[in-house]
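J.: Sharing a structure here in structure tokens format.
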Amino acid sequence: RGHAARRMTAPFRAGAAAALGAPALAMAVSFLAFGAAVAAAGFGPGWALGSSLLVYGMAGQLVLLQAAPAGAVAAALGATAANARFLPMALALAPWLGPPGWRRWLALPFIAITPWAAAMRVLPGLDAAARLPWFLGFALASWLVAGLATLLGGLAAPWLDPPLLAALLFANPLYFALLLAADLRLAGPRRAVLAGVAAAPV
């Protein structure tokens, strides 16, 4: 039993360590900007933290913030539509998380751009038993960074002007774009990027 626990703990720690580098920095900058934008809109830290940890997708969070004055139903529907992109991402990731079963559901709340992109690059090279723990380590560390950065952004709001906030919000999408660019030499990512470019006008 101890050996099995170590087999789960080691990849979990490796995933968390992988998250606490460039991915954490890119996420922290974006979520800090979001926390500041929430404070500037007059909402409290609880609202900001709840949005970051429960919606956990910057596009959905921004829609939620913009639509909040229209009411809870409109804001929730808008955030859900904005984050609908996570469905195909989850479907693509699921086969790498082990056999079907309840353990896969542990990953569901944490599927977002940065954890997904890291997982799709790393999981194919890991032993099957290490994949889900690695993803959960990476994703949980990223999720905690997002929450902490959101709270810090609320505190930093008085010192961040709107143009800087707008620029900071694009740090994480830019990081994701750089990850894609690094893989353009491979046929699969290249086809995905070209398909996305073709679908953008639609």
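The values are calculated or read from the model by the stated rules, or taken from the named source; none is laboratory data. A quick note: this is a predicted structure, and the numbers were derived from the prediction, not measured. FYI the Cβ positions are ideal-geometry reconstructions off the backbone, even for glycines, and counts take in every protein chain you see. Each accessible area value is taken on the protein alone, full model and side chains, heavy atoms only, with ligands, DNA and RNA left out. Shrake-Rupley method; radii C 1.70, N 1.55, O 1.52, S 1.80 Å.
J.: For region 63-75, give me the residue count where each residue is in a helix (DSSP H, G or I) and surrounded by fewer than 16 Cβ atoms within 10 Å (Cβ to Cβ).
T.: Total satisfying the criteria: 6.
J.: Would you say Ala36 is part of a helix (DSSP H, G or I) and under 16 Å from the mean Cα position of the chain (by Cα)?
T.: no
J.: Still on this structure, I have one more. Has region 20-33 got at least one residue that is at pLDDT 85 or above, within 15 Å of the chain's Cα centre (by Cα), more than 18 Å from Phe138 (Cα to Cα) and of a type in the set (Phe, Trp, Tyr)?
T.: no
J.: Can you tell me which residue is surrounded by the fewest Cβ atoms within 10 Å (Cβ to Cβ) among those in region 123-151 that are within 25 Å of Ala36 (Cα to Cα) and among the small types (Gly, Ala, Ser)?
T.: Going through the qualifying residues, I end up with Gly147.
J.: Filter region 152-164 down to the residues that are open to solvent by 40 Å² or more (accessible area, probe 1.4 Å) and in a loop (DSSP other than H, G, I, E, B) and list them by number.
T.: Within region 152-164, Asp161 is the sole residue that qualifies.
J.: Follow-up. Has region 49-62 got at least one residue that is assigned to a helix (DSSP H, G or I), open to solvent by 60 Å² or more (accessible area, probe 1.4 Å) and free of Cβ contacts under 8 Å to residues at least 12 places away in the same chain?
T.: Checked region 49-62: at least one residue is assigned to a helix (DSSP H, G or I), open to solvent by 60 Å² or more (accessible area, probe 1.4 Å) and free of Cβ contacts under 8 Å to residues at least 12 places away in the same chain.
J.: A follow-up question, please. Would it be correct to say that Ala107 is modelled with pLDDT of 90 or more, open to solvent by less than 60 Å² (accessible area, probe 1.4 Å), out of contact with any strand residue (DSSP E or B) (no Cβ under 8 Å at 6 or more places or on another chain) and within 19 Å of Tyr56 (Cα to Cα)?
T.: Details: modelled with pLDDT of 90 or more: yes; open to solvent by less than 60 Å² (accessible area, probe 1.4 Å): yes; out of contact with any strand residue (DSSP E or B) (no Cβ under 8 Å at 6 or more places or on another chain): yes; within 19 Å of Tyr56 (Cα to Cα): yes.
For Ala107, the condition - modelled with pLDDT of 90 or more, open to solvent by less than 60 Å² (accessible area, probe 1.4 Å), out of contact with any strand residue (DSSP E or B) (no Cβ under 8 Å at 6 or more places or on another chain) and within 19 Å of Tyr56 (Cα to Cα) - is met.
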